[in-house]
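The values are calculated or read from the model by the stated rules, or taken from the named source; none is laboratory data. These numbers were taken from a predicted model, which means no experiment stands behind them. Keep in mind that these areas ignore ligands, DNA and RNA; they rest on the heavy atoms of the full protein, side chains included. Shrake-Rupley method; radii C 1.70, N 1.55, O 1.52, S 1.80 Å.
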Amino acid sequence: MATPPDVSSSLDPATSPSAARVAATDAPAGRTGAHDRPGGDAPPIVPRRRLGVRLSAGVALLVFAMVVASVVRNDAFQWGVVGAYFTTSAVLHGLWLTLWLTAVVMVLGFLFGTVLAVMRLSANPVLQKLSWGFVWIFRSTPLLVQLLFWFNIGALYPTLGLGIPYGPQLFTVETVNLLGPTLTAVIGLTLHESAYAAEVVRGGILSVDPGQVEAAQALGLSRRRTLRRIVVPQAMRSIVPTAGNMLIGTLKGTSIVSVLAVHDLLYSVQLVYNQNYRVIPLLMVATLWYVAVTTVLGVGQYYVERHYARGTSRGLPPTPPQRLRARLRALTIHRDR
């Protein structure tokens, strides 16, 4: 005789409610499985402790501490002299000229480099060859050679004039009076920088998917608006990191103009230590200023890259201040507990 389902379930000790209550009562505390816990929460995953990582970190910190201690305790650095000359008028004047020269060279270099990049990407073969030839020449020649060449340009062209070809000259000027050391440095650094900037801009434009331009054309957008609203914002993700490195490199590269007697930061400290013979402290003054300025530029580059990285991922990583606030909040919560 068949047993009804409700009767059989009540007779089965494994499925009856009373049996379930007894099993739950008899189960040892803390031995309940993950599927029996509310929500099915799994235990946290703890990474494996690696002894080699901790040992290498300890050795690296020890070496770093030894280097810092040797620099701080070495009397040959003469830190008192460094502090005395760090904000003198001569050093600050040289720092200002270095910053001014860096800004002018970067702006003019990227403007001219953008023109060269557009020429290189144009359909005109003449413009392509001219742009390629300019980049080839100025990337193949050392910067010091270029500066010395422009500084001695008067040996090739004593005068520069404006007039009718093979006819009378309307205006002439001597090259020696026209090109001083500072203008020579601006011309040489700008031409050198524009050759590299042209390749940076060209690479950024080529990194944009051609389908983006085709979609803009399908929507009826003009070429100027397509370039401004679609191509340039996407190309900046590739341009900004390299341009930031070029900016920092140009800041440090301006020290080479000291061979032309341009009163930049390095030449200014050289004039000082040529008088008092305190070479190491004055070089440390220049070094600390270069480190300070490049640090500020690096922070600015980080936030510019973060700005143009929006939309490339689901979420941007937290900034250093945000990470610091999160750690302080976690320490506060842990202490309150």
Seminar exercise, completed: For Leu148, the accessible surface traced by a 1.4 Å probe with all protein chains present amounts, in square angstrom to the nearest 10, to 80
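Remind me, relative contact order of the chain in percent, using alpha carbon pairs under 8 angstrom and six or more residues apart?
Values: 257 pairs, mean separation 68.2, N = 337.
Computed value for the chain: 20 percent relative contact order.
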Seminar exercise, completed: Taking placed amide H atoms and a strict 5 Å upper bound, the residues 5 or more places from Thr159 or on another chain that come that close are Thr175
Exercise. Using a Gaussian network model of the chain with C-alpha springs under 10 Å, which one of Val59, Val213, Val46 is most mobile by mean-square fluctuation?
Worked result: Val46
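Ranked from the most accessible area to the least, with a 1.4 Å probe and all protein chains present, what is the order of Trp100, Trp150? Show your work: numbers first, answer last.
Numbers: Trp100 105, Trp150 65 Å².
Output order, biggest surface exposure first: Trp100, Trp150.
How many Å³ per residue does the convex hull of the Cα positions in the chain occupy? Mind showing how you got there, number by number?
Numbers: hull volume 113.1 nm³, N = 337.
Enclosed volume per residue, from the Cα hull, is 336 Å³.
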For this session: With an 8 Å cut-off on Cα pairs and a minimum separation of 6 or more residues, tell me the relative contact order of region 134-215 in percent.
Result: 35
Exercise. Would you list His192, His334, His307 from the most to the least accessible area, probe 1.4 Å?
Worked result: His334, His307, His192
For this session: On the full set of protein chains, 1.4 Å probe, figure out the accessible area of Leu324 and give it in Å² to the nearest 10.
Result: 100
